[in-house]
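See below for the structure under consideration.
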Amino acid sequence: MFIRAYLRASTSEQDASRAHADLEAFASERGMTIASWYVENESGARLDRPELHRLLRDAHAGDVILCEQVDRLSRLKADDWQSLRAQIAAKRLRVVALDLPTSWQMVDGDEFTQRMADAINGMMLDMLAAIARKDYDDRRRRQAQGIAKAKAQGVYRGRPEDTERLDQIAGLLAEGKSWNAVIRLTGASRATVAKAAKRKMAEAASQ
């Protein structure tokens, strides 16, 4: 059994490694070592996350996916969550989240306890994933309402563009580095890398 730690933050401005120490402590308290770390800045509402899929490719039957909270793993729509759950089940992986104490039995207990915990956690994971998605939708709705109100009042300015960061990413792309390499080096999301690449192409076309 390998412990594979998954850390995620939604934007490049957030620290995806923030919970690193908490996951390390959880494993250490149980005499276990985290074999691999998977860290990315991607929205949990997206199923297409490079590091998550690398984890799924690397993992073997019986391995544990360790995360801080279930919403780090998923803020997915119902269909996408079921797709991810099916991939996890097909590889016979176990999900352990620090905010889901019942899941701790997946590493703490004997075989019988682990099997019982597996049955209980299936239901709990579905419930927490649904709550995480509702929270995501609620925040998006409130944000849209706030923007609409600000626009109506003529005070909406939008988020200023981080030109220095985009230039850094464009420079790495110009050096021939792949998108995945740039994401690992900068912690930027794929959307930010795409924006930098688009700017780079536009600038080249105008010269």
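None of the figures in this text is laboratory data; all of them are computed from the coordinates on show. All values derive from a computational prediction rather than experimental measurement. Cβ: placed from backbone, ideal geometry, glycine included. Neighbour counts: every protein chain shown.
Data for the structure
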{"quantity": "Candidates 142, 46, 165: whichever shows maximal mean-square fluctuation once the chain is modelled as a Gaussian network with Cα springs under 10 Å", "calculated": "142"}
{"quantity": "Helix-derived mean residue ellipticity, 222 nm - over the chain, DSSP H n ≥ 4, -39500 (n - 2.57), to 500", "calculated": "-18500 deg cm²/dmol"}
{"quantity": "Percent of Cα pairs exceeding the 31 Å cut-off, where the set is the chain", "calculated": "30"}
{"quantity": "Amide proton proximity set for residue 189, modelled H, under 5 Å, gap of 5+", "calculated": "12"}
{"quantity": "Charge dipole (debye, nearest 20) of the chain; +1 at Cβ of Lys and Arg, -1 at Cβ of Asp and Glu", "calculated": "980"}
{"quantity": "By average C-beta atoms within 10 angstrom, highest first, the peptides 179-188, 16-25", "calculated": "179-188, 16-25"}
{"quantity": "Residue among 66, 173, 76 with the largest mean-square fluctuation in a Gaussian network model of the chain, springs linking Cα atoms under 10 Å", "calculated": "173"}
{"quantity": "Percent of Cα-Cα distances greater than 11 Å, calculated over region 163-206", "calculated": "59"}
{"quantity": "Rounded to whole Hz, the Karplus (6.51, -1.76, 1.60) HN-Hα couplings of region 57-67, x for glycine and proline", "calculated": "5, 6, 6, 10, 3, x, 5, 10, 8, 9, 9"}
{"quantity": "Principal-axis tilt of helix 190-206 within the chain, Cα atoms, nearest 10 degrees", "calculated": "20"}
